[in-house]
Amino acid sequence: MAHSSSRLLHHGCSAAAAALMLLCSRTTTTTTFAFSPTLKTAFSQQRLWQVQSTPRQTASSLSSAVKTEDSATTVGKPGTADMDWEELGFEFRPTNSHLKMIYRDGEGWGEPELVETPYINIHIGATALHYGQSCFEGLKAYAHENGDVCIFRPDENAKRIRASSSRIMMPAISTETFVGACEKVVRDNVAYVPPYGSNGSLYLRPLLFGSGPRIGLQPADEYTFIIMVMPVGDYYKGGLNKSVKCTVVEDYDRAAPKGVGAAKVAGNYAADLLPNMESKNKGFPISLYLDAKTNSCIEEFSTSNFIGIDRANKKYVTPVSPSVLPSITNKSLMTVAEKDMGYSIERRDISVEELSDFDEVVACGTAVVVTPIGSIQYKEKTFEFGENEAIGDVTMELYNRVRDVQFGDAEDKYNWNHKVS
């Protein structure tokens, strides 16, 4: 009897919750409801069940998981979430919401929505799952001493995701839409922007993927764009305090000369998982790829661009290759090196044997800005840069100059910071 009553209560509450969610989804104004404890529990269970178990209709059908209220039009105070800001690493952490937009053939892009659940509902035939139709970006938002929250160069990420999506036949996202979406999700998660002085930032991971079903090889008819956010600290615990060892990958290629190496597509990173882990198991935190055609010219590190510094001749040298991802961090560092430090910029082919000509070698990317390289092992030879894991003077100056702009401690004379308002 108790079991039957429990079932009756469950089905009754589920039906009530479903009816209430339908009502809410059709309401254009914010409505406040008072729940009994039993109904409130059932409503929460119904939302979780629908997110995880409901058969898929469309990728945007989870209205119960979407925040019905608009994000604040003014920016709150950063760093108010209950977190140990000094212990942040570079890893996933839950926040208030992520942002979602849906594209459908014949309709274009829908409106951006803020979604509370960290799960997505996806068709089993989605082209992202079967054919790797997926690309992503990475950028950061920083709290400044005056209370402002600024995103670093989001317009450049907008350009790059359009280039990546075009290469694998996905719809373009305008710069205005992309930057607006970044602002919206940062506003809703401003409490998770690490406070000024913590050396942390809010990491944004925009992701665009084919969510419509296709079994034959062809573009999807539906695409989903999301931006997940999380607070992160220094990529290396304790900040930039020593150089790392590197090895040249000899048994694998990162990308073919006419392939997708210049696009930030998911498959490029999947291909690096095995060689990357093999290098780490040998004691090398980072690995370097050569060009796939001749295996003689430097291309890039696993997830970072390559920079060689010739201090005596004040040269900043970085590879030019159709297989290398254009790095926004590298672009920023080149501007600083040339305009603020008087270095000449050389973008050209770099023979692996030229490693002996550099005083400093740097891996650069969004996660860490720069990673100083202390040595590179290639076959039976080891190229050394500096002594006792020390960081080169030029590397440190480049790092400090860019970080000072990001945190608002130096003049933003190149207009790289986009204020969230």
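The values are calculated or read from the model by the stated rules, or taken from the named source; none is laboratory data. Just so we're clear, the structure is a prediction, and the values are computed from it rather than from any experiment. A quick note on method: Cβ atoms are made from the backbone with ideal geometry, for glycine too, and the neighbour counts reach across all protein chains shown. The protein model used for the area step is the full one, side chains on, heavy atoms only, and it has no ligands, DNA or RNA in it. Shrake-Rupley method; radii C 1.70, N 1.55, O 1.52, S 1.80 Å.
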| task | Tell me, yes or no, whether segment 134-150 has at least one residue that is touching a helix residue (DSSP H, G or I) at 6+ places or on another chain (Cβ under 8 Å) and over 29 Å from residue 80 (Cα atoms). | result | yes
| said: Condition first: more than 21 Å from the chain's Cα centre (by Cα) and either surrounded by 19 or more Cβ atoms within 10 Å (Cβ to Cβ) or of a type in the set (Phe, Trp, Tyr) (or both). Now tell me which residues in segment 110-126 satisfy that. | reply: 123, 126
| request: Scan segment 394-409 for residues that are charged (D, E, K, R) and in contact (Cβ under 8 Å) with a residue 40 or more places away in the chain and jot them down. | output: 397, 401, 409
| query | Of all residues in segment 283-306, which are touching a Cys at 6+ places or on another chain (Cβ under 9 Å) and in contact (Cβ under 8 Å) with a residue 60 or more places away in the chain? | reply | 284, 286, 288, 290, 301, 304, 305
| query | So how many residues does segment 340-359 have that are over 20 Å from residue 290 (Cβ atoms) and not hydroxyl-bearing (Ser, Thr, Tyr)? | reply | 5
| query | So, in segment 82-109, of the ones that are of a type outside the set (Gly, Ala, Ser) and without any contact (Cβ under 8 Å) to a residue 24 or more places away in the chain, which residue ends up most open to solvent (accessible area, probe 1.4 Å)? | reply | 82
| message | Which count do you get for residues in segment 242-290 that are open to solvent by 30 Å² or more (accessible area, probe 1.4 Å), under 29 Å from residue 393 (Cβ atoms) and not in a strand (DSSP E or B)? | response | 4
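One line per residue, one yes/no per condition, for (1) at pLDDT below 95; (2) more than 22 Å from the chain's Cα centre (by Cα); (3) of a type in the set (Val, Ile, Thr); (4) farther than 17 Å from residue 343 by Cβ:
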site: 374; (1), (2), (3), (4): no, yes, no, yes
site: 382; (1), (2), (3), (4): no, yes, yes, yes
site: 388; (1), (2), (3), (4): yes, yes, no, yes
site: 399; (1), (2), (3), (4): no, no, no, no
site: 411; (1), (2), (3), (4): no, yes, no, yes
| query | Does any residue of segment 101-119 turn out to be charged (D, E, K, R), in contact with a Lys or Arg (Cβ under 8 Å, 6 or more places away or on another chain), more than 30 Å from residue 331 (Cβ to Cβ) and assigned to a strand (DSSP E or B)? | reply | yes
